[in-house]
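Below you'll find the structure, written out as structure tokens, and then a few comments.
The values are calculated or read from the model by the stated rules, or taken from the named source; none is laboratory data. Since we're looking at a predicted model, the values are computed, not measured. So basically every Cβ, Gly included, is an ideal-geometry build from the backbone, and we count neighbours across all protein chains shown. Heavy atoms of the whole protein, side chains included, go into the accessibility calculation; ligands, DNA and RNA do not. Shrake-Rupley method; radii C 1.70, N 1.55, O 1.52, S 1.80 Å.
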Amino acid sequence: MNTAPRQPHGAPADRARRTALRWSLAACCATAAGAAQAVIQLPSQPVSAAQGDASRTPPTPGGSLRLPSANTEQVLNSLIEAANAGDADAMVQVGMYYHANPGLPQAAATARRWWGRAADAGDVRGMAGYGYLLGVDNAGGQRDLSVAREWLHKARAAGLVRATYIESLLEGQITGPRKLRDARRLLEQAAQDGDPLAMNDLAVAWELDGSPERAREMYVLAAAQGYGAARANYLRLERQNRSSDSATLARLRTLSDDGNADATLQLAQLYHQGRGGVQRDFAQAIQLYRRAADGGSRSAREFLALAFSRSSRDNSARGVDAAWMEELATRINARTDAGKEGRDMLSDRPRRSEDALWNLTSLRWTPPVTDEPAVPPYSPARAPAEGLPIDE
């Protein structure tokens, strides 16, 4: 393994080609966590000054990549080729693809292998991803908390705030009051530095400690960075403040009118089942399902295909068999394209962050001002990872 000193990875020479490949891969994948964006009027407050003008931001299209489509393999293989040629940014992208698609064979092990290579190449995001997978159980290999800490310390030294949050999670897994205090201190530091996942989890802790107003302010700041769990928590507190079916219905209608496909889907489900303060109305439900589908809701499109698989001459529900609609109403589990985020819009329980590596590929970091390299040479005692084979 090459142990020559390397700086945190920036933009390789072939930036245009790499960026085009990354955008193509993102276009081939549906980002499940961002399928529905709730509209929140947020106070005009700065989220954080910790990642200011000096931040380094890889030109990526977004966060986790999901659900491969027909032409993903060709684009993915192109990224793998670039990664095998030494492009650390491509290594991070390929690792995120496998991390975001856990149903693929050996997905966790493959993500861990690619992020290990990216870490060895000096990419700060690779260090964070690799450190996380090393520090948790059932993540593609044997757990090694000491090596995980070393990689996370290097990512923190290079200015990646997410590494502080990840370290708080790993310390929180260890029993004992001292480790719990360490975990809370790291969580508070990551939140203070502006990481939205840390901000959300700290707000959950405040809320459970009996400080909902303080939590609400933090949820707003985390939601302003586009983090769905914080947005769902904010909406839940807002709903609890009004706590009535009419207020919830009005909120969903407002979101739907603003173009939120997930809220439109939930309205359709309310009319379909006749709950939440509305009378059962299959025709109105079908109209709302169609609006949600037109707005990009995959769940609404899937439901319409199922509903119209049994048609009727009775036009009371726009050609849908009423008995079939009755049966489908008993099967609705409030599933939305936003997953738990959609369900938690109507839930009373706070939601902690679920994926510590959310949005890893587009994280920003601020290298410290120092005459020394931001990432000194480091080579953990492990065998070099081999590249993912490419079918010719």
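Surface calculation, 1.4 Å probe, protein heavy atoms: THR330 sits at approximately 110 Å² accessible.
Taking a sphere under 9 Å around the Cβ of SER168 and counting the other residues whose Cβ falls inside, with K and R at +1 and D and E at -1, yields a net charge of -3.
With distances taken between every two different alpha-carbon atoms, the stretch 78-237 has a Kirkwood hydrodynamic radius of 16.5 Å. Only protein heavy atoms count here; under a 1.4 Å probe, ASP321 has an accessible surface of about 50 Å². When the Cα atoms of the stretch 94-141 are aligned to their principal axes, the ranges along those axes come out at 28, 21, 12 Å in descending order.
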